[in-house]
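Chemist: Quick one: this structure, given as structure tokens, is what I'll be asking you about.
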Amino acid sequence: MATVTAPTTETEFTRIPHPAPIADAARREALADPGFGKLFSDHMVSIGWSDGQGWHSPTVGPRAPVTLDPAAAVLHYAQEIFEGLKAYELADGGIALFRPEANAARFNNSAARLAMPNMPEDLFVAAIRELVLADRDWFPSVQGGSLYLRPFMFATEAFLGVRPAKEYKFLVIASPVGNYFKSDGPAVSIWVSEDYTRAAPGGTGAAKCGGNYAASLVPMGEALAKGHDQVVFLDAAERKWIEELGGMNLFFVFADGSIVTPPLGGTILPGITRDSLIALSRDEGLTVREERYSLDQWRDDAESGRLIETMACGTAAVVTAVGRVAGKHGEFTIGSGGPGQLTQKLRQRLVAIQRGEAPDPHGWVKRLV
Ligand SMILES: *Cc1c(COP(=O)(O)O)cnc(C)c1O
């Protein structure tokens, strides 16, 4: 990978205001019920990368379709990675991001695994800042709403040989969102995928790449067809150990107050929510172990009452209780089948920090305004 001189936060973005943004009244109506991932703001950030120039032409401009050569490498060999984070409106009218440097670092780890160029962390955060400021009017008016940001990078070089591309595009788009699941709603029901796995040792499981999601759609479809909300994957080698959901990490809460979460090791996506919940649980004085936990043990512990809660977590849905687990070999209920106490408490603590309503002892909140 060619090394490039790193642009810094002094990087000048070319700013092109949208010539015909959505009318105020229509925008306000849409923002009252944004749903998740179906409404988009007026602008986007675009930055190019080429072997010769490195990162170039940072622009925040009107959101518009992307033109690609039909031979663009992403369309053939799936060199694509992404991130997901939220901007929050604070009580005093300010705007903040939650741990964007962690997203920047993970983006670069994903880039390295997919043989894509490294992006300076300050350029990544500056790009997000530019878009949030351009689309400040796009924060949802619903309770629990936020502006979901989707930075992503893909290979644009027109070349059908198999090697890392020499040209890429980095874009950031923004989507006003409400709650992913209905607020503090009932716990989700999950389906154990025993025929399909998400990630194998040595594969791309720890990278946030579109390809992982493409591979998860059939097992996810199976879960939905059987009446469940999500799919949970087992490890690819032994088909025994719990890994994660298609897009959320898992925590197991025991009656003795201890917590277990599957260890990172290349096949699990290192979630920033996961990392934050480990820290918040330890702040509460709870013991958190990062260790393997098997499907059989999960069932036995749920049935004996040793396990009282299971939480799924990720930026989109924050923290959600798992109430029911089903697979080829039967099903079991976790606790009462509804959201448990620790799940609710940790969710509230995390959300309060993200929204600037509680002290931020770990320095996670980055104010933009
Ligand atoms: C993004 C993602 C998560 C959650 O990560 P957060 O940083 O907490 O949003 C978990 N699993 C997968 C597969 C993901 O892509």
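None of the figures in this text is laboratory data; all of them are computed from the coordinates on show. What you see is a predicted model, and the numbers here were worked out from it, not measured in a lab. Heads up, the Cβs are rebuilt from the backbone with ideal geometry, glycines too, and the neighbour counts pull from every protein chain shown.
Chemist: Equivalent-ellipsoid semi-axes (√(5λ), Cα gyration tensor) for the range 188-354, whole Å, largest first? Mind showing how you got there, number by number?
Modeler: Details: eigenvalues 103, 70, 45 Å².
The answer is 23, 19, 15 Å, longest axis first.
Chemist: Which of rounded, prolate, oblate describes the range 126-238, given a ≥ b ≥ c as roots of the alpha-carbon gyration tensor eigenvalues and a/c under 1.5 marking rounded, otherwise prolate only if a/b is larger than b/c?
Modeler: Values: a/c = 2.84, a/b = 1.06, b/c = 2.67.
Oblate shape, in that a/c is at least 1.5 and b/c is the bigger or equal ratio.
Chemist: Using the Cβ atoms and a cut-off under 13 Å, what net charge is assigned to the surroundings of Ile81, where Lys and Arg are +1 and Asp and Glu are -1? Before the final figure, lay out each step's value.
Modeler: Details: positive: Arg106, Arg113, Arg150, Lys169, Lys208; negative: Glu80, Glu83.
Overall, the nearby charge balance is +3.
Chemist: Restricting to DSSP H runs of at least four residues, report the calculated mean residue ellipticity at 222 nm for the chain, -39500 (n - 2.57) per run over all residues, nearest 500 deg cm²/dmol. Before the final figure, lay out each step's value.
Modeler: On the way: 8 runs with 93 residues, N = 369.
So the helix-based figure for the chain works out to -8000 deg cm²/dmol.
Chemist: About its Cα centre, what dipole magnitude does the chain give when the only charges are +1 on Lys and Arg Cβ and -1 on Asp and Glu Cβ, stated in debye to the nearest 20?
Modeler: 160
Chemist: Would you mind giving the three semi-axes, in whole Å and largest first, of the ellipsoid equivalent to the chain according to its Cα gyration tensor? Write down the numbers at each step before the final one.
Modeler: Working: eigenvalues 241, 128, 71 Å².
Equivalent ellipsoid of the chain: 35, 25, 19 Å, largest first.
Chemist: Counting other Cβ atoms within 10 Å, which trypsin sites (Lys or Arg not before Pro) in the range 97-178 have at most 15 and lie in a DSSP loop?
Modeler: Of the trypsin sites (Lys or Arg not before Pro), not one in the loops of the range 97-178 has a Cβ with at most 15 other Cβ atoms within 10 Å.
Chemist: How much length is gained on full extension from Glu331 to Asn109, taking 0.36 nm per residue of separation minus their Cα-Cα distance? Provide the component values of the computation, followed by the final result.
Modeler: Details: separation 222, 0.36 × 222 = 79.92 nm, distance 3.68 nm.
Between Glu331 and Asn109, full extension yields 76.2 nm more.
Chemist: If each of Lys226 and Asp256 carries a label point 7 Å out from its Cα toward its Cβ, how far apart are those two points in nm?
Modeler: 3.1
Chemist: On to the next question. Can you give the direction-averaged projected area of the convex hull of the alpha-carbon atoms in the range 10-177, in nm²?
Modeler: So the Cα hull casts an average projection of 10.4 nm².
Chemist: Using a 10 Å cut-off around each Cβ, can you sort Leu160, Leu346 from fewest to most neighbouring Cβ atoms?
Modeler: Leu160, Leu346
Chemist: Now for a different question. Please give, to one decimal in nm, the separation of the simple spin-label points placed at Lys166 and Asp122, each 7 Å out from Cα toward the Cβ.
Modeler: Output for this residue pair reads 3.0 nm.
Chemist: Pick out which of Ala105, Ala214, Ala73 has the largest mean-square fluctuation in a Gaussian network model of the chain, springs linking Cα atoms closer than 10 Å.
Modeler: Ala214
Chemist: Next question, about the same structure. Taking a temperature of 10 °C and a viscosity of 1.306 mPa s, what whole-number D in µm²/s does Stokes-Einstein yield for the range 16-111 with Rh from Kirkwood over alpha carbon pairs?
Modeler: The estimated diffusion coefficient comes to 94 µm²/s.
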